[in-house]
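Trainee: Have a look at this one.
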Amino acid sequence: MRLSDLNMGESAVIVKVLGTGAFRKRITEMGFVKGRKVTPIKAAPLNDPIEYSLLGYSVTLRKNEANFIEVVSPKEIDPKLFTPAVNGFHTLEQAEDEILKQTAKEKGKNIHVALIGNPNCGKTTLFNFASNSREHVGNYGGVTVESKTAVFHHKGYTFHLTDLPGTYSLSAYSPEELFVRNFIFENTPDIIINVIDATNLERNLYLTTQLIDLDVKMVVALNMFDELQAGGDKLDYQHLSRMLGVPFVPTISTKGYGIRELFDKVINVYTDKDKTYRHVDLNYGDEIEQSICKIQKLVRKNTELTTVISSRFLAIKLLEKDKQVQSLIEKCENGGDILAVTTSEIHRLELLFAEDTETLITDTRYGIISGALKETYEPSTLPKRKLSEAIDTILSNKTLGFPIFFIFLYLMFQATFSLGAYPQEWIESLVGMLGQWVHQIMPAGPLTDLLADGIIGGVGSVLVFLPNIILLFLFISFMEDTGYMARVAFIMDKLMHKIGLHGKSFIPLIMGFGCNVPAIMSTRTIENRNNRILTILITPFMSCSARLPVYILFVSAFFPKNAGSVLFIIYLTGILLAVGMAMLFKKTLFKADDLPFVMELP
């Protein structure tokens, strides 16, 4: 329940104060803190603002500000608890006050946590381990294409944990970045756990700097810490914590190492008991800071907006020419003034540095990260030639890449049919035996025929193809988990470009062999809207596992000696049809400039 929902004269106890930055600081300094009793007294003639009684004095708040204060009222408590004898209190009012405070304390132990990080940093693995969930984990970007939520308990606190899609920044360039940013703005999580790959600090910390600008409570999970140590690198993460004002906790999510310590740290930050956590304004240099301050001064006048989003973050995003933030500012009363000052400052900085402001701020962020790592990170002097790199050289080789891929595809379909034949025979025998058993124990008649030939026979005819489907999914999962899926996108990009698609489009198309539904969902990782829609339209040409039983039945009946080869041809025909339709659509319906091919190879 929010403070704005209370009726006049109805008392409540504050559970938590949401919002960010100056608003949260001002509101708590006025006495709106956890455990305090507050009562609305009267509303202004136009019903806004509202006067509240708090700590023996009166204070006014607008409704939109009161909406950021979570409270618990007597209506939310069991009426049976309200007896004068409760806890030895002599009056009903004393008992009610104590029960309200206790309930508020319990409600305050609900912590909403969002997991944010780059693709392949181990967010979903950490999410699964912490909450005992079983969400799919893959070794390529875009596995998490929507948020997943789980609830678990730790040291008396209830954690509402949300796993968000992997994103490299908060720039609203791709659908994932926009989704993550909107989630933070609209849901205002109590704590953000920024999961970073300890073996790739410089790139992962870029998102961390943006979250610092956003002025949200945060803990950094230094994931894959064992790999950093195994490589001989050294990181003084405690010193890095002090420099950035954000606690860093080493974790190994695959083994569960550091997970308890991570959520202990979350509790400390949430309850304001952590000595490391403090807000730090990253210094972008005198000239850029001057521009940020000018814009921020005007943005701060819009309290309704800055209670949700940090004014400094908005000012920086305006300098970065962020379209979504510009549209938010346009709706403000002084939006025209803000945009005029922004345009002027962008022009000044670009003349001064002879560089686009977006690039200028990005370079400065990486400069801040580089400076911080110089003081805290010591790379190993040992040569780092991994086995995975040697394998990668072969798999993505200009000459060998394509033959290896097509051999793998052929073997995948041959194994699906050949290895699947053995369990198929076992299932057929079991279904046949079960049907005969029903015929033996039941008298002949329509009911017996329905059970033996209809239900058991019908279900059995579907189950008999289950081994083939499982084998196909195993191969696709193998490609995902080993990172080979991303290599396939890499080697196929030029070919995909010739038919008007992005290399990333190949991943959903390959996933379409398993199931078209998650394949179409995974197209959200493609930044360009035209390429995304085009990929969605041609994905159904990929033969999914639901069609496999029909194919196997057809192939077994008419081509028993060349079953594997015919099955391969059927799948290949679907691929060729998809290619043809893609070329047709690209030349007619989806004429647009292509975006550059940028994708991480895990």
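Trainee: Having 3 or more residues that are assigned by TED's automatic domain parsing to the domain that holds Asp493, modelled with pLDDT of 75 or more and closer than 22 Å to Phe478 by Cα is the bar; report the helices (runs of 4 or more DSSP H) wholly within segment 507-600 that clear it.
Mentor: Because the criterion is at least 3 residues that are assigned by TED's automatic domain parsing to the domain that holds Asp493, modelled with pLDDT of 75 or more and closer than 22 Å to Phe478 by Cα, the helices (runs of 4 or more DSSP H) in segment 507-600 that meet it are 563-588.
Trainee: Go through (1) assigned to a helix (DSSP H, G or I); (2) over 30 Å from Ile111 (Cα atoms); (3) of a type outside the set (Lys, Arg) for Ala315 and report which single condition fails.
Mentor: (2)
Residue-by-condition table, conditions (1) in contact with a strand residue (DSSP E or B) (Cβ under 9 Å, 6 or more places away or on another chain); (2) assigned by TED's automatic domain parsing to the domain that holds Phe127; (3) over 21 Å from Thr376 (Cα atoms):
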position: Leu178; (1), (2), (3): no, yes, yes
position: Asn182; (1), (2), (3): no, yes, yes
position: Asn187; (1), (2), (3): yes, yes, yes
position: Ile191; (1), (2), (3): yes, yes, yes
position: Val195; (1), (2), (3): yes, yes, no
position: Leu205; (1), (2), (3): yes, yes, no
position: Asn223; (1), (2), (3): yes, yes, no
position: Leu228; (1), (2), (3): yes, yes, no
position: Gly231; (1), (2), (3): no, yes, no
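Trainee: Against the conditions (1) in contact with a Lys or Arg (Cβ under 7 Å, 6 or more places away or on another chain); (2) farther than 25 Å from Thr362 by Cβ, where does Gly258 fall short? Just the number, please.
Mentor: The one condition Gly258 does not meet is (1).
Trainee: What are the residues in segment 327-374 that are loosely packed, with under 15 Cβ neighbours inside 10 Å, out of contact with any Asp or Glu (no Cβ under 9 Å at 6 or more places or on another chain) and over 25 Å from Asn302 (Cβ atoms), if any?
Mentor: Listed by number, the residues that qualify are Leu351, Ala354, Thr359, Gly367, Gly371, Lys374.
Trainee: Check segment 351-374 and report whether any residue there is over 30 Å from Lys294 (Cβ atoms) and either in contact (Cβ under 8 Å) with a residue 60 or more places away in the chain or not assigned by TED's automatic domain parsing to the domain that holds Met243 (or both).
Mentor: The answer is yes, given that some residue of segment 351-374 is over 30 Å from Lys294 (Cβ atoms) and either in contact (Cβ under 8 Å) with a residue 60 or more places away in the chain or not assigned by TED's automatic domain parsing to the domain that holds Met243 (or both).
Trainee: Another one. Is one or more of the residues making up segment 467-477 free of Cβ contacts under 8 Å to residues at least 60 places away in the same chain, closer than 15 Å to Leu548 by Cα and touching a Pro at 6+ places or on another chain (Cβ under 7 Å)?
Mentor: Within segment 467-477, one or more residues are free of Cβ contacts under 8 Å to residues at least 60 places away in the same chain, closer than 15 Å to Leu548 by Cα and touching a Pro at 6+ places or on another chain (Cβ under 7 Å).
Trainee: Read through the list (1) loosely packed, with under 12 Cβ neighbours inside 10 Å; (2) in a helix (DSSP H, G or I); (3) more than 35 Å from the chain's Cα centre (by Cα), then give the number of the only condition that Thr399 fails.
Mentor: Just one mismatch for Thr399, condition (2).
Trainee: Of the residues in segment 299-312, how many are in a loop (DSSP other than H, G, I, E, B) and either acidic (Asp, Glu) or in contact with a Phe, Trp or Tyr (Cβ under 7 Å, 6 or more places away or on another chain) (or both)?
Mentor: 3
Quick grid of which residues meet (1) under 30 Å from Gly564 (Cα atoms); (2) assigned to a helix (DSSP H, G or I); (3) among the hydroxyl-bearing types (Ser, Thr, Tyr); (4) in contact with a strand residue (DSSP E or B) (Cβ under 8 Å, 6 or more places away or on another chain):
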site	(1), (2), (3), (4)
Ala444	no, no, no, no
Leu450	no, yes, no, no
Asp453	yes, yes, no, no
Gly458	yes, yes, no, no
Ser461	yes, yes, yes, no
Pro467	yes, yes, no, no
Ile470	yes, yes, no, no
Phe473	yes, yes, no, no
Met479	yes, yes, no, no
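Trainee: Pick out the one residue from Val249, Val308, Val266 that is assigned by TED's automatic domain parsing to the domain that holds Val341, closer than 22 Å to Leu115 by Cβ and aliphatic (A, V, I, L, M).
Mentor: Matching residue, one of Val249, Val308, Val266: Val308.
The values are calculated or read from the model by the stated rules, or taken from the named source; none is laboratory data. None of these values were measured; they are calculated from a predicted model. Glycine also receives a Cβ, built like all others from the backbone with ideal geometry; neighbour counts cover every protein chain displayed.
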